[in-house]
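Enquirer: Have a look at the structure that comes next, please.
Readers should treat all values here as calculations from the given coordinates under stated rules, not as data from a laboratory. Since we're looking at a predicted model, the values are computed, not measured. Here the Cβ is made from the backbone with ideal geometry for all residues, glycine too, and neighbour counts use every protein chain on show.
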Amino acid sequence: MEFDIKGLFDNLPHDLLLKAVRKHVKCKWALLYIERWLTASMERDGEIIERMRGTPQGGVISPILSNLFLHYAFDLWMSRTHRDLPWCRYADDGLVHCRTEQEAEALRGELQARLDVCGLQMHPTKTKIVYCKDNRLSLIHICKPRRRIRRRLFKTDPSSGVGAIISRVLTRRI
């Protein structure tokens, strides 16, 4: 099953996103700046618009924040609920290798329910079940990151991993 999350950057719920950020960022001023940055109002056609959800398009840490959010909303959920299915995800696109069409249909329903809980939805036309004609190419080798990389990316120590990246981005002088 190939899936796409509809309008990921525009629809990230701030409360759940900040909950994920707080697990990795312990520096209070960095948390304050992230929250202010997320909720800063924007101007469109001379009108001030309050931002209640989403991250600013083109923002330097928007991809990091969305990846962090999907780590909890999708990656860990798949690891808990569908351990036997190989999968990969890049930003808001993903691929899950199911054994049968029925398994893929069931997974599509479960994933939509999971994304609903997280305030997101699958794109109706970009999400589809695709058929792989043979099993000679193993998606496990394509999709699973090397263990060395995985450990480095998902450490919970605030001085490394996502917390350190966010802190470095916020402290970088221009």
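Enquirer: Using a basic spin-label model with each label point 7 Å from the Cα along Cα→Cβ, how many nm lie between residue 39 and residue 113?
Expert: Here the modelled spin labels are 3.3 nm apart.
Enquirer: Hey, could you get me the Stokes-Einstein D for the range 25-124, Kirkwood radius over alpha-carbon pairs, 10 °C and 1.306 mPa s, rounded to whole µm² s⁻¹?
Expert: Numbers: Rh = 15.9 Å.
Estimated via Stokes-Einstein, D reaches 100 µm²/s.
Enquirer: While we're here: When the chain is fully extended, how far beyond the present Cα-Cα distance does residue 4 get from residue 103, taking 0.36 nm per residue of separation? Provide the component values of the computation, followed by the final result.
Expert: Working: separation 99, 0.36 × 99 = 35.64 nm, distance 1.82 nm.
Using 0.36 nm per residue and subtracting the Cα-Cα distance, I get 33.8 nm.
Enquirer: Continuing with the same structure: Applying 1/(1 + (r/R0)^6) with R0 = 35 Å to the Cβ-Cβ distance of residue 28 and residue 48, what FRET efficiency is obtained, to the nearest 0.05? Please list the in-between numbers first.
Expert: Working: r = 28 Å, r/R0 = 0.80.
Efficiency at R0 = 35 Å is approximately 0.80.
Enquirer: Another one. The range 14-73: which GluC sites (Glu not before Pro) are DSSP loop and have at most 13 other beta-carbon atoms within 10 angstrom?
Expert: Numbers: sites: 35, 43, 47, 50; in loops: 50.
Within the range 14-73, the qualifying GluC sites (Glu not before Pro) (loop, at most 13 other Cβ atoms within 10 Å) are 50.
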